[in-house]
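Notes to accompany the following structure.
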Amino acid sequence: MKIYAIGDLHLSGKPPSKPMEIFGEHWADHAAKVAANWHQLIRSDDTVIICGDTSWAMDLQDALTDLNWIAALPGRKIILRGNHDYWWSSLKKMQTATENNFSFLQNNFLPAARLPSAAVVAGSCLHLTILTRTMPLSTAVKDCAWRLHWKLPDKPATAIS
């Protein structure tokens, strides 16, 4: 079993409503390139952490085209929210809409299947552009870390610094 991470897929339906070619010719057929590489590398027992900016969709219903496309690819998928994932909803709504084909990280953790029992995959959101307007960067990072810290099992007694 292997763990992979990928981010910034920026999918936009089929056919794409926002083709990535607008950002340069090297983006032509980018979804097909992602699929080809995914099938070459990822096996059914692998885990893929999708680090945000998954779909350009504005709501969950529209994002389902992209999410269902990803769900059909091999491996376990764990998704974190990116700053362009406007479709992101509550964890319960997303799990239901995607028929539990994904695990979503939002200030929570998931056991890292087939790894030592103490291993977890954790995720939290840190919106620097918003937070740093009202607090120093170091405070924003600590705030985010504490939010996640209290969700983890067997919290260490030491403080986050």
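Residues that are under 14 Å from Phe104 (Cα atoms) and touching a strand residue (DSSP E or B) at 6+ places or on another chain (Cβ under 8 Å) were ranked within segment 50-62; the one that is surrounded by the fewest Cβ atoms within 10 Å (Cβ to Cβ) is Cys51.
Here segment 36-49 is the region considered, the condition is being among the aliphatic types (A, V, I, L, M) and at pLDDT 95 or above, and the residue that is surrounded by the most Cβ atoms within 10 Å (Cβ to Cβ) is Ile42. Answer yes or no as to whether Leu73 is under 18 Å from Asp8 (Cα atoms), at pLDDT 90 or above, out of contact with any strand residue (DSSP E or B) (no Cβ under 6 Å at 6 or more places or on another chain) and crowded, with 19+ Cβ neighbours inside 10 Å. Here the answer is no, as Leu73 does not meet what is asked. Could you tell me whether segment 97-119 includes any residue that is within 30 Å of Ala145 (Cβ to Cβ), of a type in the set (Ser, Thr, Tyr), surrounded by fewer than 19 Cβ atoms within 10 Å (Cβ to Cβ) and more than 16 Å from the chain's Cα centre (by Cα)? Checked segment 97-119: at least one residue is within 30 Å of Ala145 (Cβ to Cβ), of a type in the set (Ser, Thr, Tyr), surrounded by fewer than 19 Cβ atoms within 10 Å (Cβ to Cβ) and more than 16 Å from the chain's Cα centre (by Cα). Residues in segment 21-45 that are out of contact with any Leu (no Cβ under 9 Å at 6 or more places or on another chain) and hydrophobic (A, V, I, L, M, F, W, C): Ile22, Phe23, Trp27, Ala28, Ala32, Ala36, Leu41.
The values are calculated or read from the model by the stated rules, or taken from the named source; none is laboratory data. On a predicted model such as this, the values are computed, not experimentally measured, just so you know. Counting neighbours? That spans all protein chains shown, and the Cβs are built from the backbone with ideal geometry, glycine included.
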